[in-house]
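Structure first, then comments.
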Amino acid sequence: MEQTLRQIVAKIAETTPDFPKDVSLRDGLDVDSVRAVEIVFEVEHKFGIKLPEGRYAEVRSFNDLLELITSLKPSAAG
């Protein structure tokens, strides 16, 4: 799952997927609000989950996003 998420974020942020887990989405990857919405839509589609708006608002780093998705889809591996 982590590699798939890295690919999604890298594609939308227009970067390579080899960024550190603790990278800030906003400051480190330049993910603005438009790109954040794109990530949400792509993640929801790819993983078949719904990201709660209130919880997504707390996401600051790639690792935060990974942990959120993992908590919503605990059976996913990768």
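Nothing in this text is a laboratory measurement; each read-out follows from the coordinates by a stated rule. All values derive from a computational prediction rather than experimental measurement. For neighbour counting, all protein chains shown are included, and Cβ atoms are generated from backbone atoms with ideal geometry for every residue, glycine included.
Within the stretch 1-70, list the GluC sites (Glu not before Pro) lying in a DSSP loop whose Cβ has at most 14 other Cβ atoms in a 10 Å radius. Could the numbers behind the result be given before it?
On the way: sites: E2, E14, E38, E42, E44, E53, E58, E67; in loops: E14, E58.
Sparse-neighbourhood loop GluC sites (Glu not before Pro): E14, E58.
From the residues T70, L5, L25, which one has its Cα farthest along the dipole of the chain in the positive direction, the dipole being from +1 and -1 charges on Cβ of Lys/Arg and Asp/Glu about the Cα centre?
T70
Determine the dipole magnitude for the chain: charges of +1 sit on the beta-carbon of Lys and Arg, -1 on that of Asp and Glu, nothing else is charged, the reference point is the Cα centre, and the result goes in debye to the nearest 20.
On the way: 10 positive and 14 negative charges, 53 e Å.
Rounded to the nearest 20 debye, it is 260 debye.
To check my understanding: the extent here is largest minus smallest coordinate of the Cα atoms along each principal axis. What are those three numbers for the stretch 2-72, in Å, largest first?
Principal axes ranked by extent give 25, 21, 20 Å for the Cα atoms.
Quick check: pseudo-label points 7 Å beyond the Cα along Cα→Cβ at E58 and K21, how many nm apart are they?
Output for this residue pair reads 1.9 nm.
Given the Cα-Cα distance of E67 and E14 and 0.36 nm per residue of separation, how much length would full extension add, in nm?
Numbers: separation 53, 0.36 × 53 = 19.08 nm, distance 2.21 nm.
Contour length minus the Cα-Cα distance gives 16.9 nm.
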